[in-house]
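The values are calculated or read from the model by the stated rules, or taken from the named source; none is laboratory data. None of these values were measured; they are calculated from a predicted model. No Cβ is skipped: glycine too gets one built from the backbone with ideal geometry, and neighbour counts run over all protein chains shown. Note: accessible area is taken over every heavy atom of the protein model, side chains too, but ligands, DNA and RNA are not part of it. Shrake-Rupley method; radii C 1.70, N 1.55, O 1.52, S 1.80 Å.
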Amino acid sequence: MAQSRRVVVIGGGIGGLTAATALQLRGWEVTVLERAPSLEPAGAGISLAPNSLRALDVVGLGEEIRDLAAWQGDGGLRTPGGRWLARASADAAAERFGGPLVLLHRATLIAGLAARLPSDAVRTACPATVTDPGDTGRPARVSTPDGELEADLVVAADGVRSAVRRVLFPDHPGHVHSGFTTWRVVILVPGVRFASHETWGRGRIWGTHPLKDGRVYAYAAAVAPAAQRARDDEKAELLRRFGDWHAPIPAVLAAARPEDVLRHDVHHLAEPLPSYHRGRVALLGDAAHAMPPTLGQGGNQAIEDAIVLAHHCDDLPAYTAARLPRTTAVARRALKVARLNLMTNRAGIAVRNLAVAALSRTGPALFLRGFDGIADWRPPQQPYASVGAGTGER
């Protein structure tokens, strides 16, 4: 009987757990090392487009996520005063891309992925890094507080500040500040009804979306220096910046407690990596191609990475060839969108708003056009024989 191959996944986030699930279905012995004390993610939502949902179909999770998530798209783009610049519909998005865009809490997705792994496969409170990437003649080595592990494959999904990336590519300049900060909140807002929207102001954006469980996911972003923090608390900062914007934004802010508000500066990799692998180690997600959240594709691209990596697990150069050009293009598009929706020049904003409104009157809303070439992606393999996959039809 052939000995099973061992993969060590560094990072228990969405990309790492998707890779672990996919590789386990291909017969690998999987160990996931997560530095945090648990897999419970920060309290925020995640938007999944048809590209990542089709990737999750490969491991049998796509239909479950579609059932648990709210379909996204009924709503559109607004100004701070409430005027609609563009409208979109969930049905139009599903028709254009062959499936829905959905929204759910990150914890729901993490739980679904973790449930597909053996209970002893995940080690939390276990920081790790690569001490030897290995090559065709020797295994990779991973250092942990409990000692060193050998692996036939290491998947580095350790985020934008990836320690593994620094080991593999010590001359790469690493992540840079994107010029803005973000806030996120997931709360109940009783008695408030609204259409999903993203609102663009001067150097600021706000989004409000309902989750299927009755809670509201809201996010905001604003041009700000790195490491700047509120004078009082982050709720007060949001009230200062967004308190006079259109409904339901004031109601969401009124319902939020200071401790509900998460704030994080945004960073990205301005210079693409030369490769997404070295030796027996492969990078994925933010470790490989961190991008601004302005397209909502960070987690989606990590899921794509994981499924493609499992497909090319015996040929890491093929993984790099499949993923580096695509993710570089998506990251560049996300940067362009950030410059557009966080514009600070008043004359430029007026021209932008006129153009968005005009484009949306003559065809699909800008919201949908922005996903062309992204949301229509399909994975290179069919669902594994041991799982089933749904169609995504509503």
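Annotations for the structure displayed:
- Full extension of the segment from SER89 to SER4, taken as 0.36 nm per residue of separation minus the current Cα-Cα distance, would add 25.9 nm.
- Quick note on the range 252-394: its Rg to Rh ratio, both from C-alpha atoms and Rh being the Kirkwood radius, is 1.04.
- Taking every protein chain into account, the accessible area of the chain amounts to 42 square angstrom per residue (probe 1.4 Å).
- Expressed as a fraction of 2.2 N^0.38 Å, the value expected for a compact globular protein of N residues, the C-alpha radius of gyration of the range 136-280 is 1.42.
- C-alpha long axis of helix 14-25 to longest principal axis of the chain, angle in °: 40
- Cα centroid of the range 107-156 to Cα centroid of the range 181-213, whole Å: 36
- Note on the chain: with a GNM built from Cα contacts shorter than 10 Å, the maximum mean-square fluctuation among ALA247, ALA375, ALA55 falls on ALA247.
- Correct choice for semi-axes √(5λ) of the Cα gyration tensor in Å that was computed from the model, options (i) 35, 26, 20; (ii) 36, 22, 20; (iii) 94, 25, 23: (ii)
- Linear extension gain, GLN382 paired with GLU150, 0.36 nm per residue minus alpha-carbon span: 80.5 nm
- Estimated D of the range 307-364 in µm² per second, where Rh is the Kirkwood radius over Cα pairs and Stokes-Einstein applies at 4 °C, 1.567 mPa s: 90
- Cα centroid separation - the range 282-358 against the range 28-84, whole Å: 15
- Across the range 77-181, the mean sequence separation of Cα contacts (distance under 8 Å, 6 or more residues apart), normalised by length, yields a relative contact order of 12 percent.
- With the convex hull of its Cα atoms as the shape, the range 1-64 has an orientation-averaged projected area of 5.5 nm².
- Take each peptide in 184-195, 75-86, count the other Cβ atoms within 10 Å of every residue, and average; sorted highest first, the result is 75-86, 184-195.
- Value of [θ]222 nm, deg cm²/dmol, for the chain, DSSP H segments ≥ 4, -39500 (n - 2.57) each, nearest 500: -10000 deg cm²/dmol
- Taken over the alpha carbons of the range 103-210 as equal point scatterers, the Debye sum produces base-10 log I(q)/I(0) values at 0.13, 0.18 Å⁻¹ of -0.82, -1.09.
- Spin-label model, ALA321 to LEU359: label points 7 Å out along the Cα-to-beta-carbon direction sit 3.4 nm apart.
- Angle in degrees between helix 298-311 and the longest Cα principal axis of the chain, rounded to the nearest 10: 30
- Restricted to Cα atoms, the range 43-156 shows a radius of gyration and a Dmax of 20.3, 64 angstrom.
- Gaussian network model of the chain, springs between alpha carbon atoms under 10 Å - residue of GLU95, GLU29, GLU150 with greatest fluctuation: GLU95
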